């Protein structure tokens with residue numbers, strides 16, 4: 001099954017052409033790496049894929065099963081551990097989990113319209129499960145271990161020296177399998193594709 005495809009994507013800022021004629025097709029279980037020198041447009045491409053930027057021309061499509069997300073390169077919060085920082089990509093799943101807990105409390109205390117609460121709980125449980133809510137923590141841990149972090153480093157704060165060679169931080173990450181089935185890879189701006 002095709003998860004994402006693009007044809008002829010182009011993006012410019014004023015007279016500066018960031019990238020042009022970007023085309024790709026990504027199927028489920030494909031392993032893809034996005035590499036390039038600093039400033040070549042990797043982050044801008046991800047911002048087009050997430051909808052934050054609009055391409056000047058070309059087309060992009062993705063399956064409803066695919067979801068693109070990333071942690072900003074310079075948005076590192078040094079009060080969080082490496083593992084906690086990566087988990088920020090899943091804040092929406094954490095919010096669903098929080099709401100499911102709240103619904104469980106309301107239902108157990110017989111507060112509110114129980115039928116509506118159960119319907120919402122059912123809908124959110126399906127969404128949470130379909131989007132990998134039961135496994136995102138273990139997939140994130142596997143991703144970091146696959147990048148060479150140790151268990152001890154996962155529990156530490158995010159020192160800048162650990163992030164060297166990762167384009168200023170955790171570079172764009174794609175979601176679903178770990179960060180999509182697109183595709184169990186974390187992309188670095190330093191030309192070092194990392195398999196997860």
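Just so you know, all these numbers are worked out from the coordinates, no wet-lab data involved. Just so it is clear, the model here is predicted, and its values are computed rather than measured. Quick reminder, even Gly has a Cβ in these numbers, built from the backbone with ideal geometry, and neighbours come from all protein chains shown.
Tell me the label-point distance for the pair residue 138, residue 119, using the 7 Å Cα-to-Cβ offset, in nm and rounded to one decimal.
3.4 nm
Can you give me the P(r) profile for region 77-157? Cα pairs, bins 5 angstrom wide beginning at 0, each as a whole percent.
In whole percents, the pair-distance histogram is 3, 14, 20, 17, 13, 11, 9, 7, 4, 1.
With a bin width of 10 angstrom, please list the P(r) values of region 6-120 as percents of all Cα-Cα pairs, from the 0 bin to the one holding the largest distance.
11, 29, 26, 20, 11, 4, 0
At a 10 Å Cβ-Cβ cut-off, how would you order 47, 64, 42, fewest neighbours first? Working shown, then result.
Details: 47 18, 64 7, 42 22.
Arranged by neighbour count, lowest to highest, 47, 64, 42 become 64, 47, 42.
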